[in-house]
Structure formats: C-alpha cells, structure tokens
Amino acid sequence: MSLYEPYQLKDITLNNRIVMAPMTRSRAINNLPNDLMKTYYSQRAGAGLIISEGTSPSPNGLGYPRIPGAYDPAQIDGWAEIAKGIHDNGGKFFLQLMHCGRVTAKENMPGNTTTLAPSAVKADGKMYTDEKGEVDHETPTKMTLADIEHAQKEFVDSAESLIRAGIDGVELHSANGYLMEQFLNPKSNLRDDDYGGGFKNRAKFVIETVKKVVSAIGEDKVGIRFSPYGAMNDVEPYYEDLEEMYLYLASELRALDIAYIHLVDHREAMGAPDFKTDIKKEIKKFFAGTVITGGNIDSEEKAKKVLDDGFDLVYIGRAFIANPDLVEKFKNGKDLREPNADLFYTSGKEGYIDY
C-alpha cells in the first residue's frame, strides 16, 4: 500500500494518503481567517487532505487567543479564500469545528459570551491570553437543555455555511478535552439527566450533533476526531466504560456512514499515558470505514507503518510546520527541517510561511 497513491474518501479523490493534521497556529487576528493563513495552507496543499486548525462554530467556543471562527459571514468569506488557495494548488480541505467549552479564558472571548460545559467543573491548568499572560481557566456554566440544542445548531449553521463557501467537508472535534469530549468524559460530565451518567447518555450530545450535521450537509462531508486514553485539558484518561463507549460510538457512526474517524495518538509527541487496550484497531473494526491516525510521524518509514498496521490515512502534524513540501521531501528522501517551537503561536509570518 503506497503513501502516494490516490485514495477515495467518499466522493472526494485525495492525491495521496497523507493528511496534514489540524494544528492551532493563532494567526487569526480578531478571529478572522486572513491572507496570511491562505498562504500557509496553500503552501502545504501537497498533502492529500488538509484538516484546518480548530475553528469555533460559536463566540462561546473561542478558547485560545487568535483562533479563527466560522460563525460570522466575514469569517466564512475568509475560509472560502483559503479553500480556493488549497484547491488551486491541487489539495482537498476539511475544516475542523472545535468548540472549546470550559477550556478558555474571558480575555480570549468577545463580550456577551458565556463559558459553557456539560457541568460546572473548572478545568485545571492555565490559558494563555495576550492581555494578561497565563490565567486560570474559567469556571463554566452548566449547559441547560436549551444551551445544548443551541450549541448543536451552531455546529450545523457553521457546517452549512462552510460547504456553501466551497470547503470540502467538516471535522467535528470530539477530542483533546474540548466541548464534545467534555460530554464523553466522566471527569468533566457530572450530569444526572439524559446527557450524563452511563456511556450511552454521555455519548448522546456527540451522536445527536453528528446526526444533525449529517442531515444538513450529507454524511460524505462529515468526519470526527477522537482521542481515547488522552489526558489533554484535564480529562480522565482511564475510566471503566471507555472502550465500551468508543466502540458504541464507532458502531453508531458506521450506521451514519460518515466520511471518517480521526484518532489522535499523543503518547509520544504529547506525553500522554499508554493505551490500556488496542483501541485504535478495535475502533477500526467496529467502524469499518476510513480511519485516520498517526502520532509523532516525522519520516516516510513511520508514515508507511501506519498504513501497514491496517489504517487508511496517516496524519502528520508538526513536521508540516517547517516543511510545506513534506510530501515531496518524503518521496525524494530529503531531510526534514525542524520547526521553531517559540513561533508556533505568535501572530506574524515568522515561523509560519517563511520555511
């Protein structure tokens, strides 16, 4: 199985099996996608599929400084230009919708917003702000049933607007401790209604949201990201019904026939705890569709191993930052440059489009 052969993702033909992973880069001044971002993504269109950085479907979902949104017409116009740049360079583009939930700070949110989460449980850790440096996370407001329905509508509205603007599809971010995973994880979800308690109840928000987005834009244009056994943003990596819940989700998503499941593996690159089960292969078995995975991929050999292990597409993250021509470098056996981590989340072109 070749990294470089085309891959059919529903009705979209990818030029190769390499996926540029979503990576927060914090260049969206005033939360607006811009020309600098268009250049960045266009430079990396050699990937078979680009998945955008996390993009909020709601003013309430903005967590980090200078992350983009997809809830305002000007933001949608900016993403339309970015999609055009990627398409003009031969690439395909899914936009990741990421509602940060409780992982935020007021300084990073507009006025008249509310920090929302399944339960009023504050996340440990700090959030960087341009105004005050690092501050504590906000204590969230527990979502009412009306809040839940409204948040789901925001995902749907953003997805519909993005597809009309020419984006190929959307990825729903249900990983890394953000809102969708906050419902899944028993450390952040203490509810005692239909959205809390047993794993089927905790999965209800995710499944309902996927169904609504699928109904709006079609199953072939919807992917989802999970991070089982992840510990990012103060969620519990190990809990009794974890495997049962993710296999239930995989089965439900198989019935919905969505485009893909994207499984994050932070064990090496992010120092996450080890997996207790071979969860990625089990999810692949239950889902039976396209599965994207990876983790700390910085060589052609490592990328090929992901495919040899039975997965369909391989995501590559940080190596793409300093190597916009990564696919060609892999093909030609050229060494990769190392990115400057001090410039990952700054606001200018340095460390962004100048590699």
One would report the antiparallel percent of DSSP beta bridges in region 7-343, rounded to the nearest 5, as 20
Amide H of His262 versus every other amide H placed in the peptide plane: which residues, excluding those fewer than 5 positions away on the same chain, fall under 5 Å?
Ile224, Arg225, Phe226, Ile292
Once you have the Cα-Cα distance between Ser347 and Asn34, take 0.36 nm times their residue separation minus that, and quote the gain in nm to one decimal.
111.5 nm
Using 0.36 nm per residue, how much length does the chain from Asp278 to Asp308 gain when fully extended, once their Cα-Cα distance is taken away?
9.2 nm
Only bridges whose two residues both fall in region 1-108 count here: according to DSSP, what percent of them are antiparallel, nearest 5?
35
Once fully extended, how much extra length lies between Ser251 and Thr141, figured as 0.36 nm per residue of separation less the alpha-carbon to alpha-carbon distance?
36.5 nm
So for the pair Asp335, Asp72, with labels modelled 7 Å out along Cα→Cβ, what separation do we get in nm?
4.4
Which links in Lys92/Lys281; Lys126/Lys331; Lys38/Lys200; Lys285/Lys349 stretch past 31 Å when you go from one Cα to the other?
Lys126/Lys331; Lys38/Lys200; Lys285/Lys349
Of all the stretches in the chain, which is the longest one without any exposed loop site, taking GluC sites (Glu not before Pro) in a DSSP loop (any state but H, G, I, E, B) with at most 12 other Cβ atoms within 10 Å?
1-130
Per-residue ellipticity at 222 nm for the chain, helices alone: DSSP H runs ≥ 4 residues times -39500 (n - 2.57), over residue total, nearest 500 deg cm²/dmol?
-9500 deg cm²/dmol
Would you please put 314-322, 335-343, 187-195 in order of how densely packed they are, using the mean number of other Cβ atoms within 10 angstrom per residue and starting with the highest?
314-322, 187-195, 335-343
For a quick check, take a GNM of the chain with Cα springs below 10 Å and name the residue from Lys122, Lys276, Lys212 with the largest mean-square fluctuation.
Lys276
Report relative contact order for region 7-343 in percent, whole number only (criteria: Cα-Cα under 8 Å, sequence separation at least 6).
15
Who wins for biggest fluctuation among Gly197, Gly294, Gly169 in a Gaussian network model of the chain, springs between alpha carbons below 10 Å?
Gly197
Taking springs between alpha-carbon atoms closer than 10 angstrom, which of Gly69, Gly310, Gly166 fluctuates most in the Gaussian network model of the chain?
Gly310
Evaluated at q = 0.14 Å⁻¹: base-10 log I(q)/I(0), Debye formula over Cα of the chain:
-1.17
Can you find, among His137, Val314, Gly198, the residue sitting farthest towards the positive end of the charge dipole of the chain, where Lys and Arg contribute +1 and Asp and Glu -1 at Cβ?
Val314
Put +1 on the Cβ of every Lys and Arg and -1 on every Asp and Glu Cβ in the chain; which of Ile217, Tyr4, Ala165 then has its Cα farthest towards the positive end of the dipole?
Tyr4
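Just so you know, all these numbers are worked out from the coordinates, no wet-lab data involved. Quantities reported herein were computed from a predicted structural model and do not represent experimental measurements. No Cβ is skipped: glycine too gets one built from the backbone with ideal geometry, and neighbour counts run over all protein chains shown.
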